[in-house]
1. Might you check whether a residue that is more than 23 Å from Ala144 (Cα to Cα), among the hydroxyl-bearing types (Ser, Thr, Tyr) and out of contact with any Gly (no Cβ under 8 Å at 6 or more places or on another chain) occurs anywhere in segment 612-621?
2. Given Asp367, Asp418, Asp422, which one is closer than 30 Å to Asp313 by Cα and either part of a strand (DSSP E or B) or of a type outside the set (S, T, N, Q) (or both)?
3. Would you confirm whether any residue within segment 587-600 is more than 24 Å from Arg116 (Cβ to Cβ) and more than 30 Å from the chain's Cα centre (by Cα)?
4. Looking at (1) assigned to a strand (DSSP E or B); (2) modelled with pLDDT under 95; (3) open to solvent by 10 Å² or more (accessible area, probe 1.4 Å); (4) more than 30 Å from Thr606 (Cα to Cα), can you tell me which one Asn500 breaks?
5. Considering only segment 404-424, state which residues are closer than 15 Å to Thr381 by Cβ, open to solvent by 10 Å² or more (accessible area, probe 1.4 Å) and of a type in the set (Gly, Ala, Ser).
6. Kindly establish whether Arg324 is at pLDDT below 95 and either open to solvent by 20 Å² or more (accessible area, probe 1.4 Å) or over 30 Å from Leu74 (Cα atoms) (or both).
7. Have a look at Arg585, Arg592, Arg617 and point out the one that is of a type outside the set (Val, Ile, Thr) and at pLDDT 95 or above.
8. When you scan segment 183-194, do you find a residue that is more than 30 Å from Arg140 (Cα to Cα) and open to solvent by less than 30 Å² (accessible area, probe 1.4 Å), even just one?
Amino acid sequence: MNYVKNTAILLIAALATTGCIADDTDSFGQPSSGGGTLPSVTQPNRPTGAFGRSGLLFATTCDVILNEIKTIALTEVTPWGLESDYWMIEESLVMEVEESVGAAEMSDISADSSARDFSETNTQEIGVDEGDVLETDGTRIFRASHNQLDIIDVDTLAVTDSVILPEGTHHLVLHDGQLAVVSDLWQSWDTTHIRVFIVTEDGSVQLQSTETVEGRTVGVRSVNGHLRILLETSNRDQLDFVSPWEDNLTEEEALDHNVEQIERSTIDQWMPRIFLSGVTKSALDCNQIAISDQSPTAQTTTWIATRDIHSDDVTRGQLGIMSRADAMYATANSVHFTTTAWNSDVEWPQQPGPETSVHSFSFNANDTMYYLASGTVPGDTIGQFALNEHGDELRIATTRTVDGISESAVTILTAGDDNTYDVLGEVGGLGLTERIYAVRYIGDLAYIVTFRETDPLYVVDLTDPTQPYAAGELKIPGYSSYLHPIGDGKLLGIGQDADNSGRTRGTQISLFDVSDSSNPLRLDKVDIGGASAAEYDHKAFLWWPAGQFTATADYDGMVTVTRVSELATFAEPVELEYPAPDDCRWWNSTTRALVIGDYIVTIGATHIAKYDSETLRMIASSSYVASGETASATGDNADIATDISEPTMEPMC
């Protein structure tokens, strides 16, 4: 059965480009394992997902864009506005940029950071950093809690500086002595702060700039210090909407008022904003906005902001699409985001289930972004690891419903001349009645884990993009939710063990040999028990090639180190000594483990510990200082200290 979806996008001339997907090295820069084409386990299927022609309107005007937005908004407006969960941006949290501190006045520590080896953030693509709660330069550790940034000296485990942050989810990016903190605030759903600090020799940080942009943070990437932030902005805050409950109106009166607000709106009221030095400006021009008909909405705009953290330049908006965003995938030269929508037009059991749209953008040498292509495929994805660039191809793995039965597929796409993705090939029928739990692409091969009661690991050969096929399959109990290549045709998988009925029994790590793509094998497995953050967040996973070990943090606070002997078998896993009384483990869960020199360092909510990487004996441990007394209100914080709750880092154990 073929499902065809046209993804028409109303675009202006500035978004049109003849760019192509960058021909970057594959994930982890590793060649494919297994060599030539082998007999297929699953015969190649003809493509069942196809993209229609993308209808583009060039050289249009702001009036045309505004009329399109109003038309869509009038179909979505309610007596409560565009959305019922109405939140205004907190004006007290809009921060101003302080005067920049000249880099020449500060000495950064980047020149000394190469003195010893250290682990970095576990990322999907080589050369593309991902914002995380932890960074290190080999000399100091930079850690963000929900409301504080701490700088910790590796040798002494002492906190050398602290900065109060507004409560939120914080994404750290460190590059050559510059530290960016991108904060998605909890108090205001639609607000992101961007701060840049200079790291000094004495272990402190000096604020260089701070900005506020409108929108929630979907993802943060960095290429050599060039931030690329994907934001989703609600388009409700700039219109004077009312609601029956808050304004003592009937629903009819409220609806009439809200309709009038839309009809009288200007184009600027639909653009996301940047707040800078007391000035509010639109982040995008109307000629940087596109409208998609896959799931047209006036409620949200997904857009990309960029910032060079080594420059005094301010954050700038690039391009946006009036759409939601579910996941972000990026390479050194491109950004892609996906949006999944359910199809309610077809009744069960013929209903094909959700559809996923993908929108792609590329960057030129000046870090200016251009629109590349869009399209829609049946099914939904597990997130960023479902996508992969390979030359001028974009691969996407989805789980979909066909005739009432779930199956998974890998579709290979290429951007056409009309900014629409064309299907080169597709292999479907993977994991019938199951859904995807993990995906990893290496060279011309894709490794797909599906699960319901058992864990099939599929090896999909993508060498010929017009005829991909499932080359091999391995069925074992349980599943892997993250796959990590460790070289020599081996993969580590972390997930859950399960019985024959599919009931999970705790964290397990599997060692796979995929050197023969037609015959994948599990060489060994080790059961850790419980649940690990690394099952759901790849940035919490640590593999240290030099020592051939992995360290996984369990939600109960313990860290387990497992060595791999000659990349063939697991040694007995070792639980590291907990650096505080056991009663603390349940609320002071360890968030990360990293390697610095000869040490494994574990970081929790209130404690940090250092272990000998050979003997695994704890060398030193420390609890954080009572940070309410030492944290500095640096620059932006000084103006709004009364609006930020005090840090809660004081040790309780």
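1. So the first thing to find is which residues in segment 612-621 are more than 23 Å from Ala144 (Cα to Cα), and the list is 612-619.
When the remaining residues are screened for being among the hydroxyl-bearing types (Ser, Thr, Tyr), the result is 613, 615.
Filter once more, keeping what is out of contact with any Gly (no Cβ under 8 Å at 6 or more places or on another chain): 615.
Yes, there is a match, as at least one residue in segment 612-621 is more than 23 Å from Ala144 (Cα to Cα), among the hydroxyl-bearing types (Ser, Thr, Tyr) and out of contact with any Gly (no Cβ under 8 Å at 6 or more places or on another chain).
2. Values: Asp418 fails: closer than 30 Å to Asp313 by Cα; Asp422 fails: closer than 30 Å to Asp313 by Cα.
Criteria check complete, one pass: Asp367.
3. Within segment 587-600, the first condition is being more than 24 Å from Arg116 (Cβ to Cβ), and the residues that meet it are 587-589.
Among the residues that remain, those that are also more than 30 Å from the chain's Cα centre (by Cα) are: none.
No - not one qualifying residue is present in segment 587-600.
4. Of (1) assigned to a strand (DSSP E or B); (2) modelled with pLDDT under 95; (3) open to solvent by 10 Å² or more (accessible area, probe 1.4 Å); (4) more than 30 Å from Thr606 (Cα to Cα), only one is false for Asn500: (1).
5. Result: Ser406, single match.
6. Values: at pLDDT below 95: yes; either open to solvent by 20 Å² or more (accessible area, probe 1.4 Å) or over 30 Å from Leu74 (Cα atoms) (or both): yes.
So Arg324 passes the test.
7. Only one candidate qualifies: Arg617.
8. For segment 183-194, residues more than 30 Å from Arg140 (Cα to Cα) and open to solvent by less than 30 Å² (accessible area, probe 1.4 Å): present.
The values are calculated or read from the model by the stated rules, or taken from the named source; none is laboratory data. Please read all numbers here as calculations on a predicted model, not as lab measurements. Note that we place each Cβ from the backbone using ideal geometry, even for glycine, and neighbour counts take in every protein chain shown. Note: accessible area is taken over every heavy atom of the protein model, side chains too, but ligands, DNA and RNA are not part of it. Shrake-Rupley method; radii C 1.70, N 1.55, O 1.52, S 1.80 Å.
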